[in-house]
Structure formats: structure tokens, C-alpha cells
Amino acid sequence: MKRAVALIAILGVLASCSRNEIPKVVQGNTMGTTYVVQYHGYEDEEAVQKEVKEVLAEIDVNLSNWNERSWVSILNKSSAGAELSVPRDALSVVSLSLELAEKTGGRFDPTISPLIDLWGFGPDGKRTAPPTEQEIEAAARLCGWQQLDLDSTKRLISKRTQELQVNLSACAKGYAVDRVAKSLDAMGVSSYLINIGGELRAGDAGPKGKPWRVAISPPIGASGKEKNEIIELVRSSVATSGTYYRRFSADEKEYSHIIDGATSRPIDHDWIGVTVTAKTCMIADGLATACLILGKEDGEKLIANYPGAKARFFRAGP
């Protein structure tokens, strides 16, 4: 679904361009997913490609759970009470993750890796049946965002228990999008559309001064009442989270990779997708996951804490 959203965004731009106005494209792999950067009005393609790759490589070294030598992997291996210096790339992401954990009462929790693994959405592979109550309780005892201590002023972080595992993926891709945008702006590339794993941020208007256009389509399984929507982006971001992304079925019930920290189980309500628009992609990214965990009523209350942010919720149904 996230790849489909990105593809429609590209077609929306190309449809209005002459051959000479087609945006240039830089693309590749990062943080366990793909990235596509479209830009317009800047001629040095090699400079853009080099800058994007360097920025993403730096972020991967700090935030990627797929990189065993990344900063977050080192944090996960650290002993209880050991203070680690927090790099610039991690500080914003950890701060927002803990902020969302607090505002959701722990339902959004950046320390639930043991539960993600237990439910078959980690590196050990998929499950064919849900875990037992005893297994869930044991994994839940290893989690808890309040066991992570961050001193933003001194830029130091520590864990209260050695077993605590941090996963920043709910906000990390959005932050990476923002960092690429900041770097492009600094080098004079002002018209762009950045996509990392389906999280998008636009700079100034594209060719012919028109906004970058993105199609938001209802996810598979959404109610037939849900319709496609075209949104226009200029200096704004959009991120999507959905239960359709990764899931498994057992005994006629589906279990998604979106884990509710309050129940230690995959979410169990009718809302299967959330798309959030916001000024920064990191905020849109984190809010999309948090709102999907909460559902529409509580999700809209959360969104109200972030001026300018808007959410569209997709409900399952015929």
C-alpha cells in the first residue's frame, strides 16, 4: 500500500509536465526500505545524489534497527544505568517517541520490540498462531517506555533494565525525510518531493509552479464508502500507517504488526489505516502510528495537540 501511494504521487506530477519539465529522480535503499527523491530546477545531479546518500547513510548509522552497529543497536546492547551520548539524529526521534508514549498513556511505546518479535513481526519470522498468555506476559515484562531515561539538555540516555529494547521505526523514516529536505534546502534545491518508505515531504511547488499532488487511496479491506482523495503538498508532509502492511491470520482472525502497548497485543478495532498531514514528516509519521493504535476518537484528541496536523481514518467494512 505504501508503495502504491508513492507511485501515484509520481504520476500526479508527471502528468502535468512537458519533457523538459519532468523532475529529476534520485533513488535507492535505506533503513530497510526504499527512497525516491524527485526535484526540479537544479542542474547538478551528482551533487544531489551525493548529498542524499550521505545524509541517509549518517541516519542509518544512528537510527536503523537493521544495522547491528547503529547507535540504537548499541543502546539496545548497553547495560542498565549506562549513560550513552545521544547523537543529533537520535535526539529528536527519541524525544518525540517518548512524548507520544506519554500522551497516549503508553499505548504508543518505542520499547515494545520483544512483543513485536513475539507476535511474528521481527527478524525471527512470521507466526501461524498467536502466542500464549504466558508468552505475552513474559514479553510485556521486558517492555516499558518509562524505563528509558532521556536528559535532553545533556543529551544523555540510559536504560533502567538491561533487557529494554528501543525501536524508533515509527518516527525514524519521517525524520530521515525531514533531514533530506533540510539538506536539499541548504544546497539550494527548493522544489522537491521526498519519499522514504511511503513517508512524503514536499518542498516548494513543482514544475509550472503547481503543488506536488499525492493520491491517498483506501487500503485493502476498507469500507466501500471510503473514496480516493487527491491532496496537494507545498512545504508539508504526509505519512500513512495501516494494519494491511504486515499481518497474519489464525482461526479466522487477523493479527497486525501494530501493537497496542496497553494490551501487549495487536490492535483490535475497526480502524485499519490512518493518513496524517503535518508540517514535518517526523510528526506525521509518529502520529499516523499513534492514531492507528488509538482509533479515531482518541486519535483525533491526540492530533489536536499538534497545530496544523490533520488525520484521515479508514474503517474496515463492506
Out of segment 180-210, which residues are under 21 Å from Tyr35 (Cβ atoms), assigned to a loop (DSSP other than H, G, I, E, B) and either open to solvent by less than 30 Å² (accessible area, probe 1.4 Å) or not hydrophobic (A, V, I, L, M, F, W, C) (or both)? Gly188, Val189, Ser190, Gly197, Gly198, Gly203, Asp204, Gly206
Just checking: which of the strands (runs of 3 or more DSSP E) contained wholly in segment 241-313 hold 1 or more residues that are surrounded by 19 or more Cβ atoms within 10 Å (Cβ to Cβ), at negative phi and modelled with pLDDT of 95 or more? 271-278
Reported set for segment 58-80 where residues are of a type in the set (A, V, I, L, M) and in contact (Cβ under 8 Å) with a residue 24 or more places away in the chain is Ile59, Leu63, Val72, Leu75, Ala80
Could you tell me which residue of segment 39-57 is farthest from Asn67 (Cα to Cα), considering only residues that are surrounded by 12 or more Cβ atoms within 10 Å (Cβ to Cβ), at pLDDT below 95 and of a type in the set (Asp, Glu)? Asp44
List pairs: first residue in segment 15-38 and modelled with pLDDT of 80 or more and assigned to a loop (DSSP other than H, G, I, E, B), second residue of a type in the set (Lys, Arg) and buried (at least 17 other Cβ atoms within 10 Å of the Cβ) anywhere in the structure, Cβ distance under 8 angstrom, at least six positions apart or on different chains. Met31/Lys173
Gly120 is checked against (1) at pLDDT below 95; (2) open to solvent by 10 Å² or more (accessible area, probe 1.4 Å); (3) in contact with a strand residue (DSSP E or B) (Cβ under 7 Å, 6 or more places away or on another chain); (4) of a type outside the set (Phe, Trp, Tyr) and fails just one. What number does that condition carry? (2)
Taking segment 211-240 and keeping residues over 20 Å from Ala278 (Cβ atoms) and in a strand (DSSP E or B) leaves Ala222
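The values are calculated or read from the model by the stated rules, or taken from the named source; none is laboratory data. What you are looking at is a predicted structure, and each value in this text was computed from that prediction instead of being measured. FYI the Cβ positions are ideal-geometry reconstructions off the backbone, even for glycines, and counts take in every protein chain you see. What goes into the accessible areas is simple: the full protein's heavy atoms, side chains included, and nothing from ligands, DNA or RNA. Shrake-Rupley method; radii C 1.70, N 1.55, O 1.52, S 1.80 Å.
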